[in-house]
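Report on one structure; see the data block that follows.
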Amino acid sequence: MAPLLFDTRLLVSTYLQALAARDVPTLMMCFADRVDWDVPGARDLAPWLGPRQQRAEIQQFFELLFAHTVPVDAHLEHLLVEGPVAIVTGTFSSTLTQTGRLFTSPFFISLTMVQGKIVRYRLLEDTHALVVALA
């Protein structure tokens with residue numbers, strides 16, 4: 001069981017480093033061809049939000065997110081791994097390019113891996129604060 005824990009941690013670490021670097025090709029290497037993906041929120045205001053399944057949709061998420069936000073700060077609080085599942089918590093701040101406003105939120109990410117790829121992804125953040133920052 002130890003190699004699975006190591007592989008999950010390694011994949012999550014790779015994902016988080018690529019996310020911080022806004023490295024879309026490396027991010028995409030972390031995901032399976034089909035993913036049970038959801039980042040809930042007001043998709044009409046923030047087009048990167050919502051459910052997705054295909055790799056092209058996930059790539060679009062990152063491209064839209066990176067086009068509409070400028071990272072300011074991020075802090076990881078916890079990385080918990082149990083077999084193929086990882087939970088990541090922390091806080092982040094971004095400037096929204098549409099309004100120039102700062103958006104700060106706690107976050108919770110749940111990731112499930114199969115054969116070294118992410119197959120399930122959930123990101124929860126303060127969507128009310130996002131709507132306010134976009135208004």
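Here, each number is a calculation from the coordinates, and none is a lab measurement. On a predicted model such as this, the values are computed, not experimentally measured, just so you know. We place every Cβ from the backbone using ideal geometry, glycine too, and count neighbours over all the protein chains shown.
Whole percent per 10 Å bin, from 0 to the bin with the longest distance: what is P(r) over all C-alpha pairs of the chain?
12, 44, 35, 8, 1
Which peptide among 54-60, 71-77 comes first, and what is the full order, when sorted by highest mean count of other Cβ atoms within 10 Å?
Ranked from most to least packed, the peptides come out as 54-60, 71-77.
From the backbone phi of the stretch 37-51, what are the Karplus-calculated ³J(HN,Hα) couplings (6.51 cos²θ - 1.76 cosθ + 1.60, θ = phi - 60°) in whole Hz, Gly and Pro given as x?
Rounded to whole hertz, the list is 10, 8, 10, x, x, 7, 4, 5, 8, 10, x, 7, 7, x, x.
Give the angle, between 0 and 90 degrees and rounded to the nearest 10, that separates the Cα long axis of helix 55-68 from the longest principal axis of the Cα atoms of the chain.
Tilt relative to the chain: about 40 degrees.
Across the stretch 112-126, in residue order, what do the Karplus-derived ³J(HN,Hα) couplings come to in whole Hz, using 6.51 cos²θ - 1.76 cosθ + 1.60 with θ = phi - 60° and x for Gly and Pro?
10, 10, 9, 6, x, 10, 6, 10, 9, 9, 10, 10, 10, 9, 7
Give me the net charge for the shell around V70: Cβ to Cβ below 14 angstrom, other residues only, Lys and Arg +1, Asp and Glu -1.
Taking every other residue near V70 into account, the sum is +1.
Just going by the charge dipole of the chain, with Lys and Arg at +1 and Asp and Glu at -1 on Cβ, which of M28, F66, G50 is farthest out on the positive end?
Of the candidates, M28 comes out farthest on the positive side.
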